[in-house]
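Below: the structure, in structure tokens.
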Amino acid sequence: MFEIVFLGTSASAPSIHRGMPAQIVLAGEYRFLVDCGEGTQRQILRSGVGFKRLNRILLTHAHLDHILGLGGLVSTFAHWESIEEIEIWGGKNTLDRVQALLYGVVLDYDRLPMKIHLMDIKPGLLLDARDFSVSAFPVTHRGSGNFGFVFQEKSRRPFLAEKAEALGVPAGPERSQLVRGETITLADGRRVGPDMVLGETLRGIKLVHIGDIARTDNIRDYVAEADALVIEATFLQADADTAHDFGHLTARQAAALALETGVKTLLLTHISRRYRERDVIEEARQVFPNTFVARDLDHFTIRRDQPVEKRSSRPAADPSQRDESVTFTEEDT
């Protein structure tokens, strides 16, 4: 099971109802902060998740709307929270900007009470935990060093207790050995192998998270068969040319990617102030019906063979309204 909490869902600049990009992915005892826009630390508190064990930060790219909240968050960690070390993962350009922000402006390095590890992302495996893995893959946006992330639960074979009982396998360490793939010998000398008590292999849950992105043809293998895909929908199809110029997607393009790659649930974020939420969701659902437009503090739970569960800890905004009137500018990136 994976959970994702949307802390900020706006594109480029905050709006009345939406903060700057940031999400928390929860995987068992692990917590990952994906991007850290301005105001993220306050949203963490509002979400109820809190700062505990939030010591791994994955950055999709170097643009300020996705990293500027790191200054305040790390300062809080350094002065108020009992966090001994953090890992900040990003491409080289991203880490260069983070280093300038943290060590050039925010922190007194000589008196820093915790260790900060700046981890240069290369495509491939980032973390291999007992029950899941996290991998990075390159995406196309403005500049270099842009990444998406795959959270992949490991496949497993369920233990069939009724078969074990019929064979006389006692409750205890013998059953754990069988789950690990080992053959055991019972007290009467009979040997029992894993295939005798384990069911068919169940594929693990797959959550794919993508930040800003300009094209989808080169990421299909990474997205394929995801149980949930988080991706931007900064523009509507009527403004597809502008989306291309600024290195972004339309809601229709994101939905087409989900449809064509076997995604089960589509979660759209990075929503522009210029559009009504209902127009974004309607455009996407014309192509891919199982689409949600995430709002700040929405909490989604992704389980095997179950519909994605959504709950929210904030009042719903009026989806028929724009947050405010805006025009296209170079800052909409």
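The values are calculated or read from the model by the stated rules, or taken from the named source; none is laboratory data. This one's a predicted model, so the numbers in the text were calculated from it and none came from an experiment. Cβ: placed from backbone, ideal geometry, glycine included. Neighbour counts: every protein chain shown.
Which of (1) out of contact with any Ser or Thr (no Cβ under 7 Å at 6 or more places or on another chain); (2) surrounded by 13 or more Cβ atoms within 10 Å (Cβ to Cβ) is the odd one out, the single condition Phe147 does not satisfy? It is condition (1) that Phe147 fails. Scanning region 264-275 for residues that are surrounded by fewer than 24 Cβ atoms within 10 Å (Cβ to Cβ) and within 30 Å of Gln306 (Cα to Cα) yields Lys264, Thr265.
State yes or no: is Thr201 in contact with a Lys or Arg (Cβ under 7 Å, 6 or more places away or on another chain) and either surrounded by 22 or more Cβ atoms within 10 Å (Cβ to Cβ) or farther than 22 Å from Phe147 by Cα (or both)? Explain how you work it out, then say what you get.
Working: in contact with a Lys or Arg (Cβ under 7 Å, 6 or more places away or on another chain): yes; either surrounded by 22 or more Cβ atoms within 10 Å (Cβ to Cβ) or farther than 22 Å from Phe147 by Cα (or both): yes.
For Thr201, the condition - in contact with a Lys or Arg (Cβ under 7 Å, 6 or more places away or on another chain) and either surrounded by 22 or more Cβ atoms within 10 Å (Cβ to Cβ) or farther than 22 Å from Phe147 by Cα (or both) - is met.
Once region 155-190 is narrowed to residues that are exposed (fewer than 11 other Cβ atoms within 10 Å of the Cβ) and under 29 Å from Lys206 (Cβ atoms), the residue that is modelled with the lowest pLDDT is Arg180.
If we scan region 62-75, do we find a residue that is in contact with a Pro (Cβ under 8 Å, 6 or more places away or on another chain) and under 29 Å from Arg142 (Cβ atoms)?
Yes.
Pairing residues of region 242-258 that are of a type in the set (Ser, Thr, Tyr) with residues that are not in a helix (DSSP H, G or I), at Cβ distances under 7 Å and at least 6 apart in sequence or on separate chains, gives Thr242/Phe235; Thr242/Phe328; Thr250/Ala233; Thr250/Phe235; Thr250/Leu236.
Of all the listed residues (Glu260, Glu309, Glu282, Glu232), the sole one being touching a strand residue (DSSP E or B) at 6+ places or on another chain (Cβ under 8 Å) and at pLDDT 95 or above is Glu232.
Of all the residues that make up region 115-145, how many are closer than 30 Å to Arg303 by Cβ and assigned to a loop (DSSP other than H, G, I, E, B)?
Of the residues in that region, 6 qualify.
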